[in-house]
Amino acid sequence: MVRRLASLFAVDAAGGGLVTTGFLSYYLAGRYHASVVALGWLFFAVSVVQAISVALAPLLARRFGLVATMVGTHLPSNVLLAAVAFAPGFGVAALLLLARTTLSQMDVPTRQALVMTVVTPPERTAAAAVTNAARYTVRPAGPLVAGLVQQLALGAPLVVAGAVKAGYDLALWGWARRLGLTSRDGSRSPGTGSHPPGTGAGPAVTTSPGEPP
């Protein structure tokens with residue numbers, strides 16, 4: 001269970017590594033000739049929006065469930081990310097990035113909560129370590145790949161990142177749906193087992209309706 005989640009999260013992190021803040025600064029300055037001051041204000045706003053996005057995630061998760069909140073917000077954010085490559089001007093690109101950030105960070109607390117719900121309490125620290133290590137391991141390769149992809153077009157990494165991260169969302173939804181984790185009532189109760197029902201790998205897991213992250 002943890003290995004599967006770690007693999008999925010690694011795909012998401014690989015896509016995110018293509019569009020670091022450094023790359024976005026380079027792209028916006030190179031294509032739209034954005035000033036350092038404009039970039040400073042933009043990333044200040046992005047950071048503020050990120051905090052708001054994270055704070056709103058528990059409210060949506062209680063209403064729609066962990067996986068539905070993750071995919072329902074993250075997938076549109078990746079479409080917005082890819083759209084930045086086609087923005088006609090800096091203003092539009094900035095608005096798209098802000099709109100994308102409004103949604104993209106809601107999967108951070110829900111992702112961590114999902115990991116905690118599918119393992120027993122003694123396994124939680126190790127599960128968190130494995131899933132986070134998977135993300136940090138692949139992310140450094142992102143800038144290198146972005147540099148290669150950018151030989152095709154200046155904004156190509158944005159499109160590739162959006163496509164990779166959208167693929168992660170769809171794969172996560174398909175995997176969670178097979179395990180019955182996609183509905184609001186499908187969250188596993190913490191501490192009841194680390195194996196999906198019906199796999200023969202462990203005891204069946206009960207569910208807790210509307211369990212908050």
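Quick notes
- When region 38-138 is reduced to its Cα atoms, the Kirkwood hydrodynamic radius in Å: 14.9 Å
- Between the Cα long axis of helix 107-117 and the first principal axis of the chain there is an angle of about 20°, rounded to the nearest 10.
- Placing unit charges on the Cβ atoms only, positive for Lys and Arg and negative for Asp and Glu, gives the chain a dipole magnitude near 180 debye about its Cα centre.
- Relative to the longest principal axis of the Cα atoms of the chain, the long axis of helix 21-32 lies at roughly 40 degrees.
- For Kirkwood radius over Cα pairs in Å, the candidate list reads [x] 20.0; [y] 17.3; [z] 18.0; the entry that matches the value derived from this model is [z].
- A straight chain from ARG178 to VAL36 at 0.36 nm per residue would run longer than the Cα-Cα distance by 46.4 nm.
- Computed [θ] at 222 nm, helices only, for the chain once each DSSP H run of length n ≥ 4 contributes -39500 (n - 2.57): -23000 deg cm²/dmol
- Helix axis angle, 156-178 relative to the chain longest principal axis, alpha carbon, degrees: 10 degrees
- Averaging 1/r across all pairs of distinct Cα atoms in region 1-58 and inverting the result yields a Kirkwood radius of 13.6 Å.
- Sorted peptide list for 150-156, 100-106, 176-182, criterion being average Cβ within 10 angstrom, highest first: 100-106, 176-182, 150-156
- A full extension of the chain between ALA45 and THR120 corresponds to an added length of 23.2 nm, given 0.36 nm per residue minus the alpha carbon distance.
- Once the Cα-Cα distance is subtracted from the 0.36 nm per residue extended length, the PHE86 to SER7 segment shows a gain of 25.4 nm.
- Estimated inter-spin distance, GLN112 and GLN151, nm [label 7 Å along Cα→Cβ]: 3.9 nm
- A Förster radius of 22 Å combined with the Cβ-Cβ distance from ALA133 to ARG62 puts the calculated FRET efficiency at roughly 0.15.
- Farthest positive-ward along the chain dipole, Cα basis, beta-carbon charges - from ALA38, MET1, ALA51: MET1
Laboratory data are not the source of any read-out in this text; all were calculated from the coordinates shown. This is a predicted model, so every value here is computed, not measured. Positions of Cβ are backbone-derived with ideal geometry, glycine not excepted, and every protein chain shown enters the neighbour counts.
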